[in-house]
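Colleague: Below: one structure in structure tokens.
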Amino acid sequence: MNALTRRKLLTTGAAAVAGAAGLATAARLAEKYGLIPPDHGGIYGPGETLTYACQRILTSHRPMREFPRSMISTPFVSPYGKLPAAYHASRAHNFTDWRLTVDGLVTHPLSLSIADLRALAVRSQITEIACEEGWSYIAEWIGTPLSLVLREAGIKPEARFVPYFCIEDGLWDSLDMTEANHPGTLLTWGMNGGDIPVDYGAPLRLRVPRQIGYKSLKFLTRITATDSLKHFGKGLGSSSPEYGYAWYAGI
Amino acid sequence: MPTATEIPRETERSSTFRHSFLVRITHWLTFLAFLALLVTGIEILISHPRFYWGETGNVNTPPLFTFHIPSSRSSVPTGYGYVLPDQNGWSRYLHFEAAWLLVFTGLVYLIYLFASGHLRRNLFPTREQRSFRAYTTRFANYFRRTPTGANELHRYNVLQRSSYLVVIFILFPLMIWTGLAMSPAFTAAFPATSSLLGGRQSARTIHLFLTFALVLFLIVHVTMVALNGFRARMRAMTLGTLKPDEPHDPLEPTTTKERP
């Protein structure tokens, strides 16, 4: 072995050791600061973790992207599954009996009607909803910030995620506390000046304007607070990864 | 370890040294990432093969243009009576993972480019190449299939240099920019990323045009490699060496005689 290759071997070895140690430290820090997504396993895990961690570092304390009223555009109905009989029954009553359950790591679990939400707080935003397929539209969304509802329920400090469920069977998702507490994350009951139409998620849709459209679940029935996603579905954070889609949809 | 470019031009070597280790490894990592991005990009495209200009666009708004291909979503009117299977989930996972590979590889390569002098020496057009005439002459020689002149045996010609510079400093950076301009989280933090391009849908359309440009580069690049001796070029970009009796790249020092 000549001097050149020995030197190369030594430096490569040193770099590998330093790299491994660096990675281990980075992993510990990332876990501590909540930069690891629940679907971090598998061959796509490294890319997904990098995306989530970087976007969390860059965007956590930033606002959402808002537009002037003049930019409200022709909307498009993203397809949804067959709705159960309970939905149609509630619709026949103009959704007056619709309830949003708030439970989990909260001091006072709640059961809120749309009128209760309206009474709590009203915010409106003009934001774009962009589907992972590529299409998008801008609408005015009117509702009650999720963060205020969580505060009203007395969310406990140990809560780390907010899973949410809808009337469509098997469809659920979750947000980290950064996104759940973001002022743009809206329990939406109005759209473009009126009630939100059925096709767009009546009577209640969770709008997550800083993530791709599939995080904005329609027909919302329950939100909860938890310190771990392990016992929800397959523990991947939402039903999306079970269908092959990423839990975090910031891009 | 001396890089290829540091070896004096007339050095005697039994097998000539071609591309440096770093250039070879980053070349193939970039190729791997690009291939993954291209395949998954096409998969994502077929879920909505319509393109728009401006901030918003969907099947209820007029497209800028449409690919008349089947789609993986029933909500897109294609004229075909069937819907392709949905591949967007893993395609999106892999697209972003490959994008990370590309970004890291690109950063390493860029540092090398500037630190080693590879950029100044081999990629930036030389003084005598910096003229309009240099371009037209080189183009004319390509079309006449004029044999490569002695002055081009040891270095990239002006068209090669210009193409590589465009790919490295214009196409890939714009690709990353337009990609980020479609990220709702990134544009929430940095709205100008999207608005400077004319909006989210414009960014998506430019992202596609850039794909065309990179695929065109890939086709021309591989064609040129094939025309100049595929095996020799592949050896130069993998093992980093050429046999003395083989035609050699016009980039690096060599002891071989003229091209056979």
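The numbers here are math on the coordinates, done by the rules we state, and not lab data. These numbers come from a predicted model, not from an experiment. Using ideal geometry, Cβ is built from the backbone for each residue, glycine included, and neighbour counts are taken over all protein chains shown.
Colleague: Counting only other chains, and only Cβ atoms inside 10 Å, what mean value do you get across the residues of A:37-43?
Modeller: The shielding value for this peptide is 1.
Colleague: Another question about this same structure. Please report how many Lys pairs in the stretch A:67-243 have alpha carbons closer than 21 angstrom, counting only residues at least 8 apart along the chain or sitting on separate chains.
Modeller: For the stretch A:67-243, the number of qualifying lysine pairs is 5.
Colleague: Give, as ranges by residue number, the residues of the stretch A:154-173 whose backbone N falls under 18 Å from the point 7 Å along Cα→Cβ of A:Lys32.
Modeller: none
Colleague: Among A:Tyr52, B:Tyr135, A:Tyr137, rank each residue by its count of other Cβ atoms within 10 Å, from fewest to most, as a rough exposure measure.
Modeller: Placing the least packed residue first, the sequence is B:Tyr135, A:Tyr137, A:Tyr52.
Colleague: Right, next: Would you please name the trypsin sites (Lys or Arg not before Pro) within the stretch B:118-147 that are DSSP coil residues with at most 14 other C-beta atoms within 10 Å of their C-beta?
Modeller: Listed in order of number, the matching sites are B:Arg130, B:Arg144, B:Arg145.
Colleague: Still on this structure, please answer the following. Which peptide among B:165-178, A:9-22 comes first, and what is the full order, when sorted by highest mean count of other Cβ atoms within 10 Å?
Modeller: Ranked by mean Cβ neighbours within 10 Å, highest first: B:165-178, A:9-22.
Colleague: At 0.36 nm per residue, minus the direct Cα-Cα distance, what do A:Ala21 and A:Tyr243 gain on full extension? Give it in nm, one decimal, please.
Modeller: Once the chain is fully extended between A:Ala21 and A:Tyr243, it gains 76.5 nm.
Colleague: A further question on this structure: Hydropathy at least 0.5 by Kyte-Doolittle, axial extent at least 15 angstrom from the Cα trace: which helices of chain A, defined as entire DSSP H runs, fit?
Modeller: Helix filter hits for chain A: none.
Colleague: Still on this structure, please answer the following. Which loop GluC sites (Glu not before Pro) in the stretch A:156-205, with loop taken from DSSP, have no more than 14 other Cβ atoms within 10 angstrom of their Cβ?
Modeller: In loop regions of the stretch A:156-205 (DSSP not H, G, I, E or B), the sparsely surrounded GluC sites (Glu not before Pro) are A:Glu158.
Colleague: If you rank A:Arg210, A:Arg6, A:Arg99, B:Arg204 by fewest surrounding Cβ atoms within 10 Å, what's the result?
Modeller: Exposure proxy ranking, most exposed first: A:Arg6, A:Arg99, B:Arg204, A:Arg210.
Colleague: Please compute, for the alpha-carbon atoms of the stretch A:67-243, the extent along each of the three principal axes and give them in descending order in Å.
Modeller: Ordered largest first, the stretch A:67-243 gives principal extents of 42, 34, 33 Å.
Colleague: Let me ask something else about it. Under 4 °C and 1.567 mPa s, how fast does the protein assembly as shown diffuse according to Stokes-Einstein, given a Kirkwood radius computed over C-alpha pairs? Answer in µm²/s, whole number.
Modeller: Rounded, D is 50 µm²/s.
Colleague: Just need the relative contact order of the stretch A:67-243 here, percent rounded to a whole number, with Cα pairs under 8 Å and 6+ apart.
Modeller: 25
Colleague: Also: Between A:Leu120 and B:Leu35, what FRET efficiency follows from the Cβ-Cβ distance if R0 is 56 Å, with the result rounded to 0.05?
Modeller: The value I calculate is 0.60.
Colleague: Follow-up. Specify the inter-centroid distance of the stretch B:42-95 and the stretch A:122-162, based on alpha-carbon positions, in whole Å.
Modeller: Spelled out, the Cα-based centre of one part sits 27 Å from the other.
Colleague: Moving on to the next point. From other protein chains only, count the Cβ atoms within 10 Å of every residue's Cβ in A:58-68, then give the mean.
Modeller: The mean count of partner-chain Cβ atoms within 10 Å per residue comes to 5.
Colleague: In peptide B:84-95, how many Cβ atoms from other protein chains are near each Cβ within 10 Å, on average?
Modeller: So the per-residue partner count for this stretch is 5.
Colleague: Neighbour counts of other C-beta atoms within 10 Å: give me A:Cys54, A:Cys131 arranged from fewest to most.
Modeller: Exposure proxy ranking, most exposed first: A:Cys54, A:Cys131.
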